[in-house]
Amino acid sequence: MKEDDPVSESHRTGWVFKIVFVSLGLLAWGPPSVAGQLAIGGEVSATEFVETERTWGYGFRAQVQIPGIGLGVQGTYDTFGEDCLGGTCDLRELAVNVIWVFPLPIPISPYMGGGVISETLEGSGVEVNTDEYRVQVLGGVFLGGPTFQRFRPFGEVKYELEEHRTTFSGGILLYFF
């Protein structure tokens, strides 16, 4: 066969796709010993402004853990519906946190941490980007064990210090590796 033969070229391309597909499958569903370092997931949150109201929202999160020591970085994005000026506004929060997962030999993994949060309020002719970062502390729990190696439910409580606001979140993380 010649190098520029279209049949041999498509044969090589097919093998490349097969190798990539199998490699991604092994990465996503590989041995449990590599699970727990990178996760992406969704969440439902309820925020309570201690003085006046409660609001439900949804969001996404990504998390990277450093193997062996329990430290990790967590990024979250949440959006909530708010009443403002007689209409409805969207409150969007973007946060980055450092977390520490307690090294316990049980199928429940509690964690605690803290970080910074930024908010944008938009709608009903209003757009306010605070362009300031506020501090929050958090604590939560991941379910683990043999049942939840790649797919882990979680629950979390965050408290924003300056606004005196508590947010409860729950969701699912998919661990890639």
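The values are calculated or read from the model by the stated rules, or taken from the named source; none is laboratory data. Everything quoted here is computed from the prediction, not taken from an experiment. Heads up, the Cβs are rebuilt from the backbone with ideal geometry, glycines too, and the neighbour counts pull from every protein chain shown. Quick note on the areas: whole protein, heavy atoms, side chains included, nothing else; ligands and nucleic acids left out. Shrake-Rupley method; radii C 1.70, N 1.55, O 1.52, S 1.80 Å.
The rows are residues; the columns are (1) within 16 Å of the chain's Cα centre (by Cα); (2) in a strand (DSSP E or B); (3) modelled with pLDDT of 90 or more; (4) surrounded by 15 or more Cβ atoms within 10 Å (Cβ to Cβ).
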site	(1), (2), (3), (4)
GLU82	no, yes, no, yes
LEU91	no, yes, no, yes
VAL98	yes, yes, yes, no
LEU121	no, yes, no, yes
GLU127	no, yes, no, no
ASP131	no, no, no, no
VAL135	no, yes, yes, no
PHE168	yes, yes, yes, yes
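Within region 124-146, residues that are within 11 Å of PRO110 (Cβ to Cβ) have Cβ atoms under 7 Å from residues that are modelled with pLDDT under 80 and part of a loop (DSSP other than H, G, I, E, B) in no pair, counting only partners at least 6 apart in sequence or on another chain. Does region 51-63 contain at least one residue that is under 27 Å from GLY123 (Cβ atoms), at pLDDT below 90, open to solvent by less than 30 Å² (accessible area, probe 1.4 Å) and in contact with a Gly (Cβ under 8 Å, 6 or more places away or on another chain)? Within region 51-63 (the criterion being under 27 Å from GLY123 (Cβ atoms), at pLDDT below 90, open to solvent by less than 30 Å² (accessible area, probe 1.4 Å) and in contact with a Gly (Cβ under 8 Å, 6 or more places away or on another chain)), the answer is yes, since at least one residue qualifies. Note on region 100-119: residues that are in a strand (DSSP E or B), of a type in the set (A, V, I, L, M, F, W, C) and closer than 20 Å to TYR159 by Cα amount to 5.
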